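Computed from the coordinates by the stated procedures, all read-outs in this text should not be read as laboratory data. Please read all numbers here as calculations on a predicted model, not as lab measurements. Neighbour counts are summed over all protein chains in view; Cβ atoms, including those assigned to glycine, are modelled from backbone coordinates with ideal geometry.
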Amino acid sequence: MLVIAYLLGSIPSGVWIGKIFYKIDIREFGSGNTGTTNTFRVLGKKAGFIVLLMDMLKGTIAACQPYMFDVHINVLLIGCAAVVGHVFPLFARFRGGKAVATSAGILLAYNPLFFGIAWIIFLTSLYLSSMVSVASMVGMTLITLLSLYFQDPVLTTIALILTIFVFFRHKGNLARIRKGTENLVPFGLVYARKKRKQK
């Protein structure tokens, strides 16, 4: 199951969608990342939403294997292999995304209610900051803290590990945030304030 999860995670959704339908390698544009955010930036909304769905489903399907095979093992443990595959994909020279969408997919398999709460947190953070990087890091941090409410030590431990991992993957973003040069999505409070200043 771990091998299958890793291979599922290794599917480079953004790279394949870009090459097959747009004849573009997204690794050569934007941030050079293969994940959802760079896909939105380089290929547009339609491709971005498709890649978001694919990256989430990688985590969900991988984590659902214990249910499929009737094996009594925590789905989060299996799902983590998909995150490793997403970040270090076998099919894309081990150069992948930042693990946020795939992590969300794992959470969907584990606890759909918590998944819904996590999305509310992410979207609220995104609206307030206009930055996917900030929404990802703040969202993962709050999700980790919220997991304490469920009194599930495995969930809290894995959420904490993934949060640390997400922060590590966003090192470049943190540097740009401090300099005030981080990319903004075209909506939200910070984006609106910036537009008003430019007028």
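Overview of results
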| quantity | calculated |
| --- | --- |
| Exposure proxy order (Cβ contacts within 10 Å, fewest to most) of Cys80, Cys64 | Cys64, Cys80 |
| The stretch 65-151: trypsin sites (Lys or Arg not before Pro) in DSSP loop, at most 10 other beta carbons within 10 Å | none |
| Förster radius 41 Å - calculated FRET efficiency between Thr181 and Thr157 (Cβ-Cβ, nearest 0.05) | 0.75 |
| Per-residue HN-Hα couplings for the stretch 134-139 [Karplus 6.51, -1.76, 1.60; θ = phi - 60°; Hz; x = Gly/Pro] | 5, 4, 5, 6, 5, x |
| Charge dipole (the stretch 63-199, unit charges on Cβ, about Cα centre) - positive-most of Ser103, Ile120, Gly188 | Gly188 |
| Degrees between helix 45-63 axis and first principal axis of the chain (Cα, 0 to 90, nearest 10) | 20 |
| Leu145 versus Ile164: modelled label distance in nm, points set 7 Å from Cα along the beta carbon direction | 1.9 |
| Inter-probe distance in nm under a simple model that places probes 7 Å from Cα toward Cβ, at Lys195 and Thr124 | 2.4 |
| The stretch 111-199 shape via C-alpha gyration tensor axes, a/c threshold 1.5 | oblate |
| Distant-in-sequence amide H partners of Thr34 (H built 1.01 Å from N, under 5 Å) | Gly97 |
| Helix-only mean residue ellipticity at 222 nm for the chain, each DSSP H run of n ≥ 4 adding -39500 (n - 2.57), per residue, nearest 500 | -22000 deg cm²/dmol |
| FRET efficiency estimate (nearest 0.05) - Cβ-Cβ, Lys45 to Met68, R0 35 angstrom | 0.60 |
| Whole-Hz couplings from phi, Karplus 6.51/-1.76/1.60, listed for the stretch 14-28; x for Gly and Pro | x, 5, 5, 4, x, 6, 6, 9, 10, 6, 10, 9, 5, 5, 9 |
| Given charges at beta-carbon only (K, R positive; D, E negative), |dipole| of the chain in Debye | 1360 |
| In Hz, Karplus ³J(HN,Hα) per residue of the stretch 115-128 (6.51, -1.76, 1.60; θ = phi - 60°; x = Gly, Pro) | 4, x, 4, 4, 5, 4, 4, 5, 5, 5, 4, 5, 5, 6 |
| Gyration tensor (alpha-carbon) shape descriptor, the stretch 1-50, a/c threshold 1.5 | prolate |
| Loop trypsin sites (Lys or Arg not before Pro), the stretch 23-83 (other Cβ atoms within 10 Å of the site Cβ: 14 or fewer; DSSP) | Lys23 |
| Between helix 153-169 and the chain: long-axis angle, C-alpha atoms, 0 to 90°, nearest 10 | 40 |
| Simple spin-label estimate for Phe88 and Phe21 in nanometres, 7 Å along Cα-Cβ | 3.0 |
